[in-house]
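Visitor: Just passing along the structure, written as structure tokens.
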């Protein structure tokens, strides 16, 4: 970490706070209110919360700003996970006895619909002295400070990595305290990152692909478990992209006996019927199986396009296999998974910005 750079921005941050004491007090009150609200949900209270309680609990998160229709997102979480199981896993995440890294990994493997931003925000509000808030802005800020090994994608944010980054945030909190600020915790660090470390150059470069020299190791080993994480992240982000574009998106959809596709985008056109786009994500496994699934999907006349999503090397193999299948080759589209992630991040930024204007009243 570049400590000189950090201290320079801390000085600037303190100057801004001193120039705007009312704004500084409002920010402090907001932090206290948010922590008080989420800390008020004890383990027992979470286990007995109603669906309406859960909706309000989630709607208050900054991570939900990317969604205009928050109720839709919350209802989908409940449907996908089952409400009893969801309450149990949430209670164990926040108040469980296991080490933080273990609780993080267990929650993210067991629960659908939560990413690192939502999960870390809840933890930060409940345990602001121990848990940092991780999102795109945190990535930009810590990268600007020269911290290495930051996770660019959700599947890279393991429990171990989250604990490591929270320790880095604690170091920043200590330096803030040493500078004379009082009542500092890791939520204070988040405000510093948001207000001082969102450097334009870093924001513009966040979507650039990492350049790896011949002498450097590949950053992620695609073993069976990592492959599942990558697959599920791409699947879910494809669904989110579809929602933001105005489609009804669903994941893990049965297209025929024994065959499911990863994601579909669906739209109804007046009284004319439906239009469906089908996406299959390939990380590891049989290309023949992917092709069979897409062919079965094309048997539905509403399906207007089928898309294979993978890395560049896999996509080239998929194209070669598809050319040997006349009914598929001309209809198949290919989408590099890194471009999917970049597209998701760009649309997330757009939706967060527009929704923060409050142009459309929330449903709850």
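Visitor: Scan region 276-290 for residues that are part of a loop (DSSP other than H, G, I, E, B) and either in contact with a helix residue (DSSP H, G or I) (Cβ under 7 Å, 6 or more places away or on another chain) or under 17 Å from residue 329 (Cβ atoms) (or both) and jot them down.
Guide: Of everything in region 276-290, those that are part of a loop (DSSP other than H, G, I, E, B) and either in contact with a helix residue (DSSP H, G or I) (Cβ under 7 Å, 6 or more places away or on another chain) or under 17 Å from residue 329 (Cβ atoms) (or both) turn out to be 282, 283, 284.
Yes or no, residue by residue, for (1) modelled with pLDDT of 90 or more; (2) assigned by TED's automatic domain parsing to the domain that holds residue 289; (3) farther than 14 Å from residue 281 by Cβ:
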| site | (1), (2), (3) |
| --- | --- |
| 303 | no, yes, yes |
| 307 | yes, yes, no |
| 334 | yes, yes, no |
| 338 | no, yes, no |
| 352 | no, no, yes |
| 364 | no, no, yes |
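Visitor: Follow-up. Name the residue that is surrounded by the most Cβ atoms within 10 Å (Cβ to Cβ), counting only residues in region 98-129 that are at pLDDT below 95 and assigned to a loop (DSSP other than H, G, I, E, B).
Guide: Across region 98-129, the extreme among qualifying residues is 114.
Visitor: Please tell me if residue 82 is more than 23 Å from residue 109 (Cα to Cα) and out of contact with any helix residue (DSSP H, G or I) (no Cβ under 9 Å at 6 or more places or on another chain).
Guide: It is false that residue 82 is more than 23 Å from residue 109 (Cα to Cα) and out of contact with any helix residue (DSSP H, G or I) (no Cβ under 9 Å at 6 or more places or on another chain).
Residue-wise test of (1) farther than 26 Å from residue 77 by Cβ; (2) at pLDDT below 90; (3) touching a strand residue (DSSP E or B) at 6+ places or on another chain (Cβ under 8 Å).
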{"residue": "216", "(1), (2), (3)": "yes, yes, no"}
{"residue": "223", "(1), (2), (3)": "yes, yes, no"}
{"residue": "227", "(1), (2), (3)": "no, yes, no"}
{"residue": "233", "(1), (2), (3)": "no, yes, no"}
{"residue": "246", "(1), (2), (3)": "no, yes, yes"}
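Visitor: Within region 34-44, which residues are over 18 Å from residue 92 (Cβ atoms) and surrounded by 12 or more Cβ atoms within 10 Å (Cβ to Cβ)?
Guide: Once the filter is applied, which keeps residues that are over 18 Å from residue 92 (Cβ atoms) and surrounded by 12 or more Cβ atoms within 10 Å (Cβ to Cβ), region 34-44 yields 34, 35, 37.
Visitor: Those residues that are touching a helix residue (DSSP H, G or I) at 6+ places or on another chain (Cβ under 7 Å) and outside any helix (DSSP H, G or I), I need them from region 291-336; list them, please.
Guide: 303, 306, 308, 309, 310, 311, 325, 331, 332, 334, 336 - these are the residues of region 291-336 that are touching a helix residue (DSSP H, G or I) at 6+ places or on another chain (Cβ under 7 Å) and outside any helix (DSSP H, G or I).
Visitor: Further question: Among the residues that make up region 163-179, is at least one of them more than 11 Å from residue 141 (Cα to Cα) and part of a loop (DSSP other than H, G, I, E, B)?
Guide: yes
The values are calculated or read from the model by the stated rules, or taken from the named source; none is laboratory data. Everything numeric in this text was worked out from a predicted model, so none of it was measured. Using ideal geometry, Cβ is built from the backbone for each residue, glycine included, and neighbour counts are taken over all protein chains shown.
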